[in-house]
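Colleague: Provided herewith is a single structure, encoded as structure tokens, for subsequent inquiry.
Throughout, read-outs are computed from the coordinates displayed, never taken from laboratory work. All of these numbers come straight from a predicted model, not from anything done at the bench. Cβ placement follows ideal geometry from the backbone for every residue including glycine, while neighbour counts extend to all protein chains displayed.
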Amino acid sequence: MKIYTKSGDKGQTSLFNGQRVEKKDLRIELLGEIDELNARIGHIISLIDSNPLLQGIQEALFLAGSEIANPDIAVENYKDFEELTNLLETSMDEMDKRLDELTNFILPGGSKEASLTHLCRTQTRKVERLFFGLQHASKIKLNSSFGRFLNRLSDYFFVLARFINQNLGERDIIWRGDQTS
């Protein structure tokens, strides 16, 4: 089977139900950003020790993308992301217990792994903005539990970046404010 179809050469693509939409459609933009987030998570997984939660997040993002790409799916058939959202909260609480108290703003960085995790955090925020923007602009009924999951996911990546730095012996980069005066 060939991977290329040539059907998108004129700026359109198909949704799951075969409906053709412009590639600039907000739904397609959101799907692309979810795909980018998933690729970034894969990059982190390739650099750190096994983290089953990260793979679970990848699978959840893939599933959410399939829901977004399918305009015919009934709301009652949406996946419930609450359990995974709760798992993120539990994981953050466990990591937080082992981290120094956060008393300052920190800058992304430290280690390569933590920097990539911060990129996941910012990419998650972008996905979240597009998700709610699409829901608002088009009146499409999207999976509200996925919206809550996204909100928690960016927090998870923030804590994970700090945790990774600590485990690698790196310190948080503290923002000191305007030091030019």
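Colleague: Working out 0.36 nm times the residue gap between LYS24 and ARG176, then minus their Cα-Cα distance, what length gain in nm do you get to one decimal?
Modeller: Roughly 50.7 nm would be gained on extension.
Colleague: Simple spin-label model, 7 Å along Cα-to-Cβ: ARG125 to ASN151 in nm?
Modeller: Label-label distance for ARG125 and ASN151, simple model: 1.6 nm.
Colleague: Return TYR156, TYR4 ranked ascending by Cβ neighbour count within 10 Å, so the fewest neighbours appear first.
Modeller: TYR4, TYR156
Colleague: Tell me the label-point distance for the pair ASP49, MET1, using the 7 Å Cα-to-Cβ offset, in nm and rounded to one decimal.
Modeller: Taking the two extended label points, one gets 3.8 nm.
Colleague: Under a Cβ-Cβ cut-off of 9 Å, what is the net charge of the residues other than MET92 that fall near it, where Lys and Arg count +1 and Asp and Glu count -1?
Modeller: -4
Colleague: Based on other C-beta atoms within 10 Å, arrange VAL75, VAL21 from fewest to most.
Modeller: Least to most surrounded, the residues fall as VAL75, VAL21.
Colleague: Now, a different point. Segment 13-51 to segment 78-154: how many Å between their Cα centroids?
Modeller: So the separation of the two Cα centres works out to 16 Å.
Colleague: Same structure again: Taking neighbour Cβ counts within 10 Å as the exposure measure, how do ASP96, ASP80 sort from fewest upward?
Modeller: Arranged by neighbour count, lowest to highest, ASP96, ASP80 become ASP80, ASP96.
Colleague: Ok, one more. In segment 1-157, if every C-alpha pair distance is counted and binned at 5 Å from zero, what percent goes to each bin?
Modeller: For segment 1-157, the binned pair fractions read 2, 8, 16, 21, 18, 14, 11, 7, 3, 1, 0, 0 percent.
Colleague: Tell me, what is the percent relative contact order of the chain, built from C-alpha pairs under 8 Å that lie six or more residues apart?
Modeller: After rounding, I find 26 percent.
Colleague: Mind running the shape call on segment 117-160? Use the C-alpha gyration tensor, a ≥ b ≥ c as the square roots of the eigenvalues: rounded below 1.5 for a/c, prolate if a/b tops b/c, oblate otherwise.
Modeller: Here segment 117-160 falls in the oblate category.
Colleague: Which whole DSSP H helices in the chain pass both tests: a Cα extent of 30 Å or more along the axis and a mean Kyte-Doolittle value no lower than 0.0?
Modeller: Span-like helices here: 26-47, 144-167.
Colleague: Counting only C-alpha contacts under 8 Å and six or more residues apart, can you give the relative contact order of segment 100-172 as a whole percent?
Modeller: For segment 100-172, the relative contact order is 47 percent.
Colleague: Please tell me the relative contact order of segment 17-89 in percent, rounded to the nearest whole number, where contacts are Cα pairs under 8 Å and at least six residues apart.
Modeller: 36 percent
Colleague: Taking K and R as +1 and D and E as -1, what net charge do the other residues with C-beta under 15 Å from the C-beta of GLN12 add up to?
Modeller: Net local charge, GLN12 excluded: +2.
Colleague: Please list, ordered by chain and number, the residues whose modelled amide H lies under 5 Å from the amide H of ILE173; skip anything fewer than 5 residues away on the same chain.
Modeller: Amide H to amide H, under 5 Å and 5 or more residues apart or across chains, ILE173 pairs with LEU107.
Colleague: To the nearest 0.05, what FRET efficiency results for ASP96 and ALA137 with a Förster distance of 35 Å applied to their C-beta separation?
Modeller: Rounded to the nearest 0.05, the efficiency is 0.45.
Colleague: Still on this structure: Given +1 on the Cβ of Lys and Arg, -1 on the Cβ of Asp and Glu, and no further charges, what dipole in debye does the chain carry about its Cα centre, rounded to the nearest 20?
Modeller: 780 debye
Colleague: Still on this structure, please answer the following. Just from its helices, what would the mean residue ellipticity at 222 nm be for the chain, if runs of 4 or more DSSP H residues each count -39500 (n - 2.57) and the sum is divided by every residue, rounded to the nearest 500 deg cm²/dmol?
Modeller: -20500 deg cm²/dmol
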